[in-house]
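J.: I have a structure I would like to understand better, so I am pasting it below and will then ask my questions one at a time.
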Amino acid sequence: MSAAVIPFPLAKRLDLIHRQAEYALCLKPEKAEQHIHRQLQCQADALHRRGVSPAAIKRELAAMEMAIRTVMWRLTFGTPEQA
């Protein structure tokens, strides 16, 4: 059995994550949710076209969503180190 390697994990693409989080924070909450889900779907489509397995896509999208929401939280409320 071979392991699938994701050469550029979505959650580690910090420019992408920060850009999506900052944009989402400029929107009304329902529009922000739509934006995040639309971006996740775009990434899912790209990974699918590259032949990434559905299980790996699911993991990557979960990690990306968590990364976006973490940045949104930090931008809104700061981090404990900033308090």
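All of the numbers you see were taken from the coordinates with simple rules; none came from a lab. For clarity, every value in this text was computed on a predicted model and none was experimentally measured. FYI the Cβ positions are ideal-geometry reconstructions off the backbone, even for glycines, and counts take in every protein chain you see.
J.: Pairing the Cα long axis of helix 14-25 with the longest principal axis of the chain, what angle in degrees results, from 0 to 90 and rounded to the nearest 10?
T.: The answer is roughly 50 degrees.
J.: Measure nothing but the geometry: give the 0 to 90° angle between the long axis through the Cα atoms of 54-77 and the longest principal axis through the Cα atoms of the chain, rounded to 10°.
T.: 10
J.: With semi-axes √(5λ) of the Cα gyration tensor in Å defined as stated, name the option among (i) 19, 13, 11; (ii) 26, 16, 9; (iii) 21, 15, 11 computed from the structure displayed.
T.: Checking each listed value against the structure points to (ii).
J.: A follow-up question, please. With +1 on the Cβ of every Lys and Arg and -1 on the Cβ of every Asp and Glu, and nothing else charged, how large is the dipole of the chain about its Cα centre, in debye rounded to the nearest 20?
T.: 180
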